[in-house]
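Notes for the one structure printed next.
Every number here is computed from the coordinates shown, using simple stated rules; none is lab data. The shown structure was predicted, so the numbers you read here are calculated from the model rather than taken from an experiment. Cβ coordinates were reconstructed from backbone atoms using ideal geometry, including for glycine residues, and neighbour counts include every protein chain displayed.
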């Protein structure tokens, strides 16, 4: 589920209310995470109009190609042979003079549902337009998930399809794709399509087969090895990466390591140092904290973790050629792992 601020509306809340017949005249779907904006706009257009009603009562327009005045004109039109019209504005962040919608929002057409998709950012809630939408409709902010929330997102995605997925497979997907939910859902859909009739579980072997990602040598296994200072296993994974240069993405690995050691650093500040207390402090399931975070918390001193985070940043800069660095990416990783372990 999307990371939502306390008291804010979730995408599940919107779906439930619409299915219950509580349809608002205007929806503002905004935020950094495209996935939920796309899912909700698709849900609304498919639910609010029957297929045979869409030809005459659904207008899909793009912010770069339309003015706010034209959107108002479309929204003020009346439905044809249907109970309502739907006006969907995609990429509204590119539309000039959104403030011109203010007059319409003060006198909404009751038979129109206006859906505004504002991606890659948020509309200033202090603006009159945002306030009017909040008063008369729904404002939904789609926030990016934290890496610690990905396992739950993946597990729930498969659960809704009545399919189980083992823990290692979850970690492989989260580490391989990261928090790009659109790409992650596409990878999960591939896995679902690969299941034959009667199959209802996804294993690490299936993920390995479809993604080309090794279930033994990947970023999650690397961080598990580093958590307990397993030098042999860590260097095995580095050596594997060196032989798989086409698949090895240094920025992704560094991002995963930075997220991991950042969580380890936060663990030092947990008021309750029990496994449960650290997990609650980090906002992750207890098993997840117990697997890697707590072993690393016990293996490394706080000062060392700070040095590791600094070294990861330096390695990232070198990998991007900062300072004229031409060291191969696999050697940069090897140097970093040596620094972490010693």
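Helix 250-267 and the long axis of the chain differ in direction by around 80°, with both axes built from C-alpha atoms. This ranking places 109, 253 by how few other beta-carbon atoms lie within 10 Å of each, fewest first, which gives 109, 253. Comparing Cα centroids, segment 223-261 and segment 160-213 end up 21 angstrom apart. If both residues of a DSSP beta bridge must be in the chain, then about 5% of such bridges are antiparallel. Given [x] -0.86, -0.96, -1.18; [y] -0.84, -0.96, -1.34; [z] -0.68, -0.82, -1.33 as candidate values of log10 I(q)/I(0) by the Debye sum over Cα atoms at q = 0.11, 0.12, 0.15 Å⁻¹, which corresponds to the one derived from the coordinates? Answer label, from the structure shown: [x]. For segment 1-103, just say rounded, prolate or oblate: build the C-alpha gyration tensor, square-root its eigenvalues into a ≥ b ≥ c, call rounded for a/c under 1.5, and beyond that prolate if a/b exceeds b/c, oblate if not. Since a/c reaches 1.5 but b/c is at least a/b, the shape of segment 1-103 is classed as oblate. Helical content of the chain, expressed as a calculated mean residue ellipticity at 222 nm, amounts to -15500 deg cm²/dmol (DSSP H runs of 4 or more residues, -39,500 (n - 2.57) each, divided by residue number, nearest 500). Computed from Cα atoms, the angle from the helix 34-48 axis to the main principal axis of the chain rounds to 30 degrees.
Classify segment 19-67 as rounded, prolate or oblate, taking a ≥ b ≥ c as the square roots of the eigenvalues of its Cα gyration tensor: rounded when a/c is under 1.5, otherwise prolate if a/b is larger than b/c and oblate if not. Since a/c reaches 1.5 but b/c is at least a/b, the shape of segment 19-67 is classed as oblate. Axis of helix 167-177 versus longest Cα principal axis of the chain: the two differ by about 70°, to the nearest ten degrees. Full extension of the chain between residue 235 and residue 155 gives 25.8 nm of extra length, using 0.36 nm per residue less the Cα-Cα distance. Here 27, 157, 118, 78 are placed in order of increasing Cβ neighbour count within 10 Å, fewest first, which gives 78, 157, 27, 118. In plain terms, the residue of 66, 115 with the fewest other Cβ atoms within 10 Å comes first and the most crowded comes last, giving 66, 115. If you run the Gaussian network model on the chain, springs between alpha carbon atoms under 10 Å, then out of 188, 80, 235 the most flexible one is 80.
At R0 = 56 Å, how high is the FRET efficiency between residue 252 and residue 274 if r is their beta carbon distance? Nearest 0.05 is fine. Before the final figure, lay out the partial values.
Numbers: r = 32 Å, r/R0 = 0.58.
With R0 = 56 Å, the Cβ-Cβ based efficiency is 0.95.
Taking the DSSP beta bridges with both ends in segment 11-142, the antiparallel portion is around 5 percent.
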